[in-house]
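The values are calculated or read from the model by the stated rules, or taken from the named source; none is laboratory data. Nothing here was measured: the structure is a model prediction, and the numbers come from that model. Here the Cβ positions follow ideal geometry from the backbone for every residue, glycine too, while neighbour counts run over all protein chains shown.
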């Protein structure tokens with residue numbers, strides 16, 4: 001085909017790169033959340049902010065890549081809220097960090113979930129602590145049931161990561177290897 005047919009298309013080989021991560025296609029969307037299973041879960045918070053700032057902009061190429069069935073948009077919405085369904089076969093959403101200071105979800109059962117991160121910013125991207133309905137919450141995931149119960153998910157944000165949060169075995173999301181190793 002003549003070059004003129006391609007001149008206004010984005011180049012996902014460069015446009016959707018963040019380091020060695022390619023965000024422009026759905027199969028890799030879970031990757032920044034995989035830090036939740038490591039000894040450095042705070043790195044998810046760093047990379048989410050980088051991806052959200054670089055891959056989602058208010059311009060002609062503001063949504064890089066291919067939005068098959070709305071997956072690029074869905075990733076954005078989940079990540080802005082501060083969690084993502086990494087493993088759809090479970091009832092868990094891996095926690096990252098919210099992008100906005102306040103969100104309110106009206107849930108299908110009539111309940112509401114408020115997500116608060118009043119100090120969140122490009123600089124204060126790290127979760128220092130988290131409370132679910134006023135109780136300290138150290139897990140790196142939240143269940144679908146907890147979301148549907150509604151209430152308040154409150155993030156205390158900081159410019160430096162809390163390198164101790166989410167390290168206990170019980171704080172990690174489900175892993176298939178947990179069942180295999182029993």
Open item on the list: Restricting to segment 109-121, name every residue that is under 11 Å from residue 97 (Cα atoms) and out of contact with any strand residue (DSSP E or B) (no Cβ under 6 Å at 6 or more places or on another chain).
Closed with: 121
TODO: Could you tell me whether segment 134-144 includes any residue that is assigned to a helix (DSSP H, G or I) and either in contact with a strand residue (DSSP E or B) (Cβ under 7 Å, 6 or more places away or on another chain) or in contact (Cβ under 8 Å) with a residue 12 or more places away in the chain (or both)?
DONE: yes
Task: Selection count where residues are in contact with a helix residue (DSSP H, G or I) (Cβ under 6 Å, 6 or more places away or on another chain) and within 17 Å of residue 118 (Cα to Cα), scope segment 75-97 - done: 3
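Table: residues versus (1) under 22 Å from residue 38 (Cα atoms); (2) crowded, with 16+ Cβ neighbours inside 10 Å.
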| residue | (1), (2) |
| --- | --- |
| 130 | yes, yes |
| 142 | yes, yes |
| 145 | no, no |
| 159 | yes, no |
- [ ] Could you list, in sequence order, all residues of segment 87-117 that are modelled with pLDDT of 95 or more, surrounded by fewer than 18 Cβ atoms within 10 Å (Cβ to Cβ) and closer than 15 Å to residue 32 by Cα?
- [x] none
Task: The one condition in (1) farther than 21 Å from residue 157 by Cα; (2) in contact with a strand residue (DSSP E or B) (Cβ under 8 Å, 6 or more places away or on another chain) that residue 44 fails to fulfil - done: (1)
- [ ] Could you grab me the full set of residues in segment 67-86 that are out of contact with any strand residue (DSSP E or B) (no Cβ under 8 Å at 6 or more places or on another chain), modelled with pLDDT under 95 and surrounded by 14 or more Cβ atoms within 10 Å (Cβ to Cβ)?
- [x] 67, 71, 74
Open item on the list: I'm told residue 157 meets every condition in (1) in contact (Cβ under 8 Å) with a residue 60 or more places away in the chain; (2) part of a loop (DSSP other than H, G, I, E, B) except one. Can you identify the failing condition by its number?
Closed with: (2)
Open item on the list: Tally up the residues in segment 44-65 that are touching a helix residue (DSSP H, G or I) at 6+ places or on another chain (Cβ under 6 Å) and without any contact (Cβ under 8 Å) to a residue 40 or more places away in the chain, please.
Closed with: 3
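Condition check: modelled with pLDDT of 80 or more, over 16 Å from the mean Cα position of the chain (by Cα) and either more than 18 Å from residue 125 (Cα to Cα) or surrounded by 14 or more Cβ atoms within 10 Å (Cβ to Cβ) (or both). Does residue 39 satisfy that? Steps first, answer last, please.
Numbers: modelled with pLDDT of 80 or more: yes; over 16 Å from the mean Cα position of the chain (by Cα): yes; either more than 18 Å from residue 125 (Cα to Cα) or surrounded by 14 or more Cβ atoms within 10 Å (Cβ to Cβ) (or both): yes.
The answer is yes for residue 39.
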